[in-house]
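Asker: My questions all concern the structure below.
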Ligand SMILES: Cc1ncc(COP(=O)(O)O)c(C=O)c1O
């Protein structure tokens, strides 16, 4: 359930007509619904009954207004860079609720994380562990560590967002991970606190989650036999959403399946949901610039692959709806952006509402990996982000200017 609904044929975000916002902030822009974000966060978080911590995956959508909202709802943050740590702290997220994943943390990023007092770093290689030991020693602190294990489970999702197969770069193969724990135990500045695992994104079936948890559970038992007892089990994110006709598990079914497997494990569960919280809580609003009939029909809009990369990157489906419904007539067309790439499209060869120059279109389900993956390609200023709450809206990120584009550049 989301709060983007038509009222008298006009798309509203909660109580605000989308066209009113477009008239004030211009197009394109990302539009988020506070009510939907809150509802999704709570539905996920409250589905778990065992001791747990929901760390929102900042990479899915990293605006500090959203991180702040989830923090206020009791959540933490899953980060993958120093920049995301900076954002989470600026947003007021409690550092003791921040977990840090990623295969390539730099020493500088490790220092920042240790100085900030985050909950744990999910270490992904032996060299990273040695580096972290060195950084922690130089700061005179102890680094709280969990190893990210790779369970070699097929998440049955797009290859680019599959992370838990042996061929993926992520984590330490689960069969080798005991060595890492034993080595870590001997390190003076490392404190082993957990085990983590994240197998991929946009999973529409619970069975790969269960399969990986079963493998992790066996591993946790092996650790216990070796005298290593952990406090946290981080199962990552990955629950999918409906973009078109997918049938992802409901949070309750997901939570129940995990909790069933968790029986007998005395540790706090950490979850890192991203897409399932924000995916359907935002749209990208764009305007039709031109309509062109060549070998086929093109609807040229003012949002491009730099603003929403998913269709070009993953051939991902996003529904495209008119902001104001008129005849209801449909036609086959490509909805394309202004970028100088043939791969710049929002949809291809699909039936879309017949529209005219100047019409507003809503690209649905754009909240996850939407703005956060946007870029300045073709020197296009990044678009604003707007957050609706009830009858009012706030620009939570200004539209970039041409000056912003060259900030930091110099002619020698
Ligand atoms: C380590 C980690 N945790 C959590 C997530 C969030 O995944 P999702 O947005 O599918 O929930 C990701 C994204 O791939 C990730 O790499």
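The values are calculated or read from the model by the stated rules, or taken from the named source; none is laboratory data. Computed from a prediction, not measured in an experiment: that's the story for all the values here. Please note: Cβ atoms are built from the backbone with ideal geometry, for glycine as well, and neighbour counts cover all protein chains shown.
Asker: Quick one: count up the residues across segment 50-70 that are surrounded by fewer than 24 Cβ atoms within 10 Å (Cβ to Cβ) and over 24 Å from residue 148 (Cα atoms).
Answerer: Count: 5.
Asker: Sticking with this one: Quick one: which residue in 139, 121, 223 is surrounded by fewer than 23 Cβ atoms within 10 Å (Cβ to Cβ), under 22 Å from residue 105 (Cβ atoms) and in contact with a helix residue (DSSP H, G or I) (Cβ under 7 Å, 6 or more places away or on another chain)?
Answerer: 139
Asker: Among the residues of segment 129-180, which ones are within 16 Å of the ligand (Cβ to nearest atom), farther than 23 Å from residue 214 by Cβ and without any contact (Cβ under 8 Å) to a residue 24 or more places away in the chain?
Answerer: Passing the criteria: only 159.
Asker: Mind counting the residues in segment 92-113 that are without any contact (Cβ under 8 Å) to a residue 40 or more places away in the chain, closer than 21 Å to residue 236 by Cα and crowded, with 16+ Cβ neighbours inside 10 Å?
Answerer: So the answer is 9.
Asker: Moving to a separate point now. Filter segment 156-189 for residues that are on the phi > 0 side of the Ramachandran plot and either assigned to a helix (DSSP H, G or I) or buried (at least 18 other Cβ atoms within 10 Å of the Cβ) (or both) and give the result.
Answerer: Result: 171, single match.
Asker: Whether any residue in segment 190-207 is assigned to a helix (DSSP H, G or I), modelled with pLDDT under 95 and assigned by TED's automatic domain parsing to the domain that holds residue 176 is what I want to check.
Answerer: So far as segment 190-207 goes, yes, one or more of its residues are assigned to a helix (DSSP H, G or I), modelled with pLDDT under 95 and assigned by TED's automatic domain parsing to the domain that holds residue 176.
Asker: For segment 64-72, indicate whether the set of residues that are closer than 26 Å to residue 286 by Cβ and assigned to a strand (DSSP E or B) is non-empty.
Answerer: Scanning segment 64-72, I find no residue that is closer than 26 Å to residue 286 by Cβ and assigned to a strand (DSSP E or B), so the answer is no.
Asker: Could you tell me whether segment 370-391 includes any residue that is in contact with a strand residue (DSSP E or B) (Cβ under 6 Å, 6 or more places away or on another chain) and surrounded by fewer than 18 Cβ atoms within 10 Å (Cβ to Cβ)?
Answerer: No, the conditions are met nowhere in segment 370-391.
Asker: If you don't mind, another one. Say whether the condition of being within 13 Å of the ligand (Cβ to nearest atom), touching a helix residue (DSSP H, G or I) at 6+ places or on another chain (Cβ under 6 Å), under 27 Å from residue 387 (Cα atoms) and in the same structural domain as residue 164 (by TED's automatic domain parsing) is met by at least one residue in segment 244-251.
Answerer: yes
Asker: Please work out which residue is surrounded by the most Cβ atoms within 10 Å (Cβ to Cβ), limiting yourself to segment 330-361 and to residues that are touching a helix residue (DSSP H, G or I) at 6+ places or on another chain (Cβ under 7 Å) and more than 23 Å from residue 401 (Cα to Cα).
Answerer: 346
Asker: Next question. Just for segment 350-373: of the residues that are touching a residue at least 40 places away in the same chain (Cβ under 8 Å) and part of a strand (DSSP E or B), which one is farthest from residue 26 (Cα to Cα)?
Answerer: Applying the filter and picking the extreme gives 352.
Residue-by-condition table, conditions (1) under 17 Å from residue 120 (Cα atoms); (2) more than 13 Å from the ligand (Cβ to nearest atom); (3) in contact with a helix residue (DSSP H, G or I) (Cβ under 6 Å, 6 or more places away or on another chain):
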residue: 45; (1), (2), (3): no, yes, no
residue: 48; (1), (2), (3): no, yes, yes
residue: 60; (1), (2), (3): no, no, yes
residue: 65; (1), (2), (3): no, yes, no
residue: 72; (1), (2), (3): no, yes, no
residue: 80; (1), (2), (3): yes, no, yes
residue: 86; (1), (2), (3): yes, yes, no
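Asker: Before we move on, is residue 409 in a loop (DSSP other than H, G, I, E, B), more than 16 Å from the ligand (Cβ to nearest atom) and surrounded by 12 or more Cβ atoms within 10 Å (Cβ to Cβ)?
Answerer: So residue 409 does not fit the description; no.
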